[in-house]
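Each remark here refers to the structure printed beneath this line.
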Amino acid sequence: MPLSESRRNFLLNSLKISGYVALGPSMMQMSALANGSLASILQSYGPLQGPDINGVRLPVGFTSRIVAVTGERVTNSDYEWHRSPDGGACFPTSSGGWIYTSNCEEAFWGGGVGAIEFNANGDIINARQILRGTNVNCAGGATPWNTWLSCEEIDRGIVWETDPYGQQDPRSRRALGAFKHEAAAVDPANEHIYLTEDESDGCLYRFTPRNGFPDISEGDLEVAVVNDLGQVDWVLLDDPTPGFFSRRTRHQISDAKHFDGGEGIWYHEGFVYFTTKGDNRVWVLDTMTQTLDILYDKDTSSNPILSGVDNVTVSALGDVLVAEDGGDMQIVVLDSAGNPTPLLQIENQDESEITGPAFNPQGNRLYFSSQRGKSRFFRQGITYEVTGPFQG
């Protein structure tokens, strides 16, 4: 059932109060928007400079620092930073600071989620573990009510709803399906959660809560069926949590659209962006018209510098930031036409991947990790912060 206008406005106003809605453009940028002349801010900063002291190449005006390293205690805490840091997001605190959550993509019940808390000045004041004993927590998604959905990337894996503030126990959310989850994106205007599946014939899913947000304990899970014109229909799954001998979710609907390795997904102002690693594509779903298109395709791009597409986030001005799994170890910016420009690059870590890109609530700091650091064998992840004029 479509949301009423009053319900939609209530939800959006609640998001603004909570700090979930990203900061908007400056007055100068708004003027340029009105004149139809706004180019991508992040693509205007020029070429990457040589590597800094942390081995990160950045445009002029940007700086990096390391905030956590696997096996080492995070500043002002007893928490040893986890192995294999993956998907992440930021959440506001009442004091004007923020918390960065980071998944641990370890198997055999060694997975979970860690969190670093910053004050309003960006100083680290605490760190904690908010989920443990789970499996291969790859990516996930932030909710408007300030919880982190951590996704298990295993066969019949589930989604865990966690509390970045450490006040509530983690809760399994089996209503969001049992499959090889990758990531989740919340559409607050229509009360949907979109989910990707990391299989070579994976599907795109949409969850609708039975009792409305923030209660996601029950609801309907649907799978995308896409026609030749890119129009999307959603078909309800009869068995969203199949057992060992039951048909997997991606095979239950014969007409379902299959994607080659679903990866990161992000909602921004009516659009859902997600990546597929098998064909190096970035897709965009218009949630109002329910039409699907390709924003970037490495095979057809005139500048195919982006490869190994993985985690994704979106800046306040709508630039799509895609982290590379391998490739050139870059975070690449896509503008509204899908044109790619490198924003940063990590050197001498060719056996790793970039994970967990996320902006703080103020939009002026970007967090991400090198999942395995300099050695695939030792898997010593490194989590970074980049500060700079992200909004012009």
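The values are calculated or read from the model by the stated rules, or taken from the named source; none is laboratory data. Quick caveat, the model's predicted, so the values are computed rather than measured. Because the Cβ atoms are built from the backbone with ideal geometry, glycine has one as well, and the counts that use them run over all protein chains shown. Just the protein is used for accessible areas: all its heavy atoms, side chains included, with ligands, DNA and RNA removed. Shrake-Rupley method; radii C 1.70, N 1.55, O 1.52, S 1.80 Å.
Observations
- Verdict on I125 being open to solvent by less than 10 Å² (accessible area, probe 1.4 Å), assigned to a strand (DSSP E or B) and among the β-branched types (V, I, T): no
- Every residue from the range 357-381 that is more than 24 Å from G46 (Cα to Cα) and either touching a helix residue (DSSP H, G or I) at 6+ places or on another chain (Cβ under 7 Å) or open to solvent by less than 20 Å² (accessible area, probe 1.4 Å) (or both): Q371, R372, G373, G381
- Qualifying strands (runs of 3 or more DSSP E) (wholly inside the range 165-270; at least 2 residues being touching a residue at least 60 places away in the same chain (Cβ under 8 Å) and open to solvent by 30 Å² or more (accessible area, probe 1.4 Å)): 262-268
- Contact annotation: residue pairs with Cβ atoms under 8 Å, 6 or more positions apart or on different chains, pairing a residue in the range 148-159 that is over 13 Å from A184 (Cα atoms) with a partner that is part of a strand (DSSP E or B), are G157/C151; G157/H181.
- Residues that are surrounded by 22 or more Cβ atoms within 10 Å (Cβ to Cβ) and among the polar types (S, T, N, Q) were ranked within the range 337-356; the one that is farthest from R65 (Cα to Cα) is T341.
- Annotation: V333 fulfils all but one of (1) touching an Asp or Glu at 6+ places or on another chain (Cβ under 8 Å); (2) assigned to a loop (DSSP other than H, G, I, E, B); (3) on the phi < 0 side of the Ramachandran plot; the unmet one is (2).
- Taking the range 59-78 as the range and being outside any strand (DSSP E or B) and open to solvent by less than 30 Å² (accessible area, probe 1.4 Å) as the test, the residues that pass are P59, F62, T70, V74, S77.
- Looking across the range 128-141, just one residue is farther than 13 Å from G111 by Cβ and open to solvent by less than 10 Å² (accessible area, probe 1.4 Å), and that is G141.
- Residues in the range 167-192 that are within 16 Å of G133 (Cβ to Cβ) and out of contact with any Leu (no Cβ under 9 Å at 6 or more places or on another chain): D169, R171, S172.
- Enumeration of residues in the range 306-328 that are exposed (fewer than 15 other Cβ atoms within 10 Å of the Cβ) and either on the phi < 0 side of the Ramachandran plot or in a strand (DSSP E or B) (or both): none
- Qualifying residue in the range 359-379 (condition: among the aliphatic types (A, V, I, L, M) and either over 16 Å from the mean Cα position of the chain (by Cα) or under 20 Å from G262 (Cα atoms) (or both)): no
- Within the range 279-304, tally of residues that are open to solvent by 50 Å² or more (accessible area, probe 1.4 Å) and out of contact with any Leu (no Cβ under 9 Å at 6 or more places or on another chain): 8
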